[in-house]
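To start, the structure itself, in structure tokens.
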Amino acid sequence: MSEERSLNFLEQIVEEDIANGVNGGRVLTRFPPEPNGYLHIGHAKSICLNFGLAQKYGGQTNLRFDDTNPVTEDTEYVESIKGDIRWLGFEWANELYASDYFEQLYGFAVELIKKGLAYVDDSSAAEIAAQKGTPTEPGKGNPYRNRSVEENLQLFADMRAGKFPDGAKTLRAKVDMASPNMHMRDPIMYRIKHAHHHRTGDAWCIYPMYDFAHGQSDSIEHITHSICTLEFIPHRPLYDWFIEKLGIFPSHQYEFARLNLNYTVMSKRKLLQLVNEGHVSGWDDPRMPTISGYRRRGYTPSSIRTFAERIGVQKRDNLIDVGLLEFCIREELNKTANRVMAVLDPVKVVITTYPEGQTEELEAENNPEDASAGSRKVTFSNTIYIEREDFMENPPKKFFRLGPGLKVRLKYAYIIQCDTFETDAAGNVTTIYCSHIAESRSGADTSGINVKGTIHWVSAAHAATAEVRLYDRLFSVEHPATEEGDFKSFLNPDSLQVIPNAYIEPALLEAKPGDRFQFLRKGYFCADPDSTPGKPVFNRTVTLKDTWAKEAKKN
């Protein structure tokens, strides 16, 4: 974490605790993902915060999977979460699971029953909801609330033994049905679920609720700073109540604002819907806000850590502009990505004054931002491809590219002038015929001619082909989750454009998945795992400039 900025409120809390010797000045945080989906960019913020705090203050972070709902959890998600955390550059002190504590949590529940602070309830989910009242009306107890300790102990043991079907009974804490905090109105601690658990198999058919498992798991591990998002503020009194009544290690919960990013959704339920209904190719689709999606798109761990640092830690919810995340990766790749030439929408150019069959090797700079990146050779010939947008039949003033009678420089090569062109029956330009100025070769130009435009190209005889996937924002509105109607109706139809045969420098055939490049004048791209020998696939990570900001100003 940067030392130049002022401390955020969590850092202030930690520093005060260390100064006052709270917990012996020890710092132990935890990251508690539920293994029911892939992590997204919001989790990345939480990872950077929890692990970053511990690193800054000489502490440690536990990775603890909140695996208390066997119906939605899977080992695939566990492995993806571990991979994402390591990819971001962090390592945990201990790999733990709430299921590690099932026996201990059961014991805590028994202890609360013995203290008269928990009871077995036969009410249905609908009846419990009705009993809880409303935010302005107190809740009402039921006859089961007055069961004896002995009866509750026997019924809870029978629940564990599998004697009741799902939903027949719950274990509830006996707190205060008139509390202004709805979470304190006898919350459910355990429910019956006859479901196979990915770690404990069929050993259990009762599972603790998050509010019960959370604080007690923190306490068992002696977590000093349990950091949650703002929606858990009303849960904190219950967190403290359980710890106080059990008389166990007093872990403390603190809350910060979760990350809300525009032009996407951050709900795992909604993201799962997009995957299951085929709106995206999977959890790692480069349009998804998942960490694996960003990785596949070409984002780097450091760019995401920089983003998390720049947005800071707030106490109020706000909507972050995805443009800031794009700025972070653009800023990094500008320094680190080698420049190459690729033509995505080609039109043929024949240089009539350059001998047919002749070639020459031209020196091309790999990265003007990094002298140590060196240079490479690119082959030049009399027939090349340029971008279709770099030619206009009737160019306006200040069009500094190619058109009838106009001159332009070919990057690393010569100045050429358009003499004539051919079109097909539909009026599309098929071939442009140019002459070149032999004395204008880059690095040895003695022509004395100055042109304002420079365009990229590839030699037709030497170019390879690649599939290029142009990714854009997944949604066409800023905040799809709050719009009226089905959020999927706001999916951006232009979020993916596939170019099956773009022309590339032949050296790009050697690109390995994850290799990143700047395609000159087109954007930053990353080689995709779908690449095969002889046919690489490149994903656009981000454009060279923030084109969306321009569109927003127009609108």
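The values are calculated or read from the model by the stated rules, or taken from the named source; none is laboratory data. It should be emphasised that the depicted structure is a prediction, and the values quoted were computed from it without experimental measurement. Glycine also receives a Cβ, built like all others from the backbone with ideal geometry; neighbour counts cover every protein chain displayed. The area values use the complete protein model at the heavy-atom level, side chains included, leaving out ligands, DNA and RNA. Shrake-Rupley method; radii C 1.70, N 1.55, O 1.52, S 1.80 Å.
Going through (1) of a type in the set (A, V, I, L, M); (2) buried (at least 23 other Cβ atoms within 10 Å of the Cβ); (3) more than 26 Å from Leu325 (Cβ to Cβ) one by one, Ile18 falls short only on (2).
The residue of the range 285-318 that is surrounded by the most Cβ atoms within 10 Å (Cβ to Cβ), among those that are among the polar types (S, T, N, Q) and not in a helix (DSSP H, G or I), is Thr290. Report whether or not Ser442 is surrounded by fewer than 19 Cβ atoms within 10 Å (Cβ to Cβ), of a type in the set (Ser, Thr, Tyr) and touching a helix residue (DSSP H, G or I) at 6+ places or on another chain (Cβ under 6 Å). Considered against the rule, which asks whether it is surrounded by fewer than 19 Cβ atoms within 10 Å (Cβ to Cβ), of a type in the set (Ser, Thr, Tyr) and touching a helix residue (DSSP H, G or I) at 6+ places or on another chain (Cβ under 6 Å), Ser442 comes out as no. The conditions of being closer than 20 Å to Arg441 by Cβ, open to solvent by 70 Å² or more (accessible area, probe 1.4 Å) and not in a loop (DSSP other than H, G, I, E, B) are not met by Glu356.
Among residues of the range 484-495 that are closer than 13 Å to Val280 by Cβ, those with a Cβ under 6 angstrom from a residue that is among the basic types (Lys, Arg), sequence gap 6+ or separate chain, pair up as Asn492/Arg473; Ser495/Arg287. Are any of the residues in the range 332-340 among the acidic types (Asp, Glu), under 24 Å from Val537 (Cβ atoms) and either open to solvent by 60 Å² or more (accessible area, probe 1.4 Å) or touching a Ser or Thr at 6+ places or on another chain (Cβ under 9 Å) (or both)? Scanning the range 332-340, I find at least one residue that is among the acidic types (Asp, Glu), under 24 Å from Val537 (Cβ atoms) and either open to solvent by 60 Å² or more (accessible area, probe 1.4 Å) or touching a Ser or Thr at 6+ places or on another chain (Cβ under 9 Å) (or both), so the answer is yes. Within the range 450-491, the residues that satisfy the criterion of being open to solvent by 40 Å² or more (accessible area, probe 1.4 Å) and more than 26 Å from Glu277 (Cβ to Cβ) are Asn450, Val451, Lys452, Thr454, Ala461, His462, Thr465. When the residues of the range 22-56 are filtered to those that are closer than 20 Å to Thr290 by Cβ and part of a loop (DSSP other than H, G, I, E, B), the one that is nearest to the chain's Cα centre (by Cα) is Leu39.
Do we have any residue at all in the range 370-380 that's under 15 Å from Val350 (Cα atoms), among the aliphatic types (A, V, I, L, M) and in contact (Cβ under 8 Å) with a residue 40 or more places away in the chain? There is no residue in the range 370-380 that is under 15 Å from Val350 (Cα atoms), among the aliphatic types (A, V, I, L, M) and in contact (Cβ under 8 Å) with a residue 40 or more places away in the chain.
Is one or more of the residues making up the range 479-502 under 22 Å from the mean Cα position of the chain (by Cα), small (Gly, Ala, Ser) and at pLDDT below 95? Taking every residue of the range 479-502 in turn, at least one turns out to be under 22 Å from the mean Cα position of the chain (by Cα), small (Gly, Ala, Ser) and at pLDDT below 95. Of the helices (runs of 4 or more DSSP H) entirely within the range 144-255, those holding at least 3 residues that are within 25 Å of Ala93 (Cβ to Cβ) occupy 210-221, 236-246. Can you find a residue in the range 238-255 that is within 11 Å of the chain's Cα centre (by Cα) and either open to solvent by 10 Å² or more (accessible area, probe 1.4 Å) or over 23 Å from Gln497 (Cα atoms) (or both)? Within the range 238-255 (the criterion being within 11 Å of the chain's Cα centre (by Cα) and either open to solvent by 10 Å² or more (accessible area, probe 1.4 Å) or over 23 Å from Gln497 (Cα atoms) (or both)), the answer is no, since none of the residues qualifies. Note on the range 142-175: among residues that are surrounded by 15 or more Cβ atoms within 10 Å (Cβ to Cβ) and out of contact with any Phe, Trp or Tyr (no Cβ under 8 Å at 6 or more places or on another chain), the one that is farthest from Tyr207 (Cα to Cα) is Asn142. Of all residues in the range 41-56, none satisfies the criterion of being of a type in the set (A, V, I, L, M, F, W, C) and either open to solvent by 30 Å² or more (accessible area, probe 1.4 Å) or on the phi > 0 side of the Ramachandran plot (or both).
Per this entry, Ala213 is not counted among residues that are surrounded by fewer than 17 Cβ atoms within 10 Å (Cβ to Cβ), of a type in the set (A, V, I, L, M) and at pLDDT 95 or above.
Residues that are out of contact with any Phe, Trp or Tyr (no Cβ under 6 Å at 6 or more places or on another chain) and open to solvent by 30 Å² or more (accessible area, probe 1.4 Å) within the range 497-513 comprise Gln497, Val498, Pro500, Asn501, Pro506, Ala507, Leu509, Glu510, Lys512, Pro513, listed in sequence order.
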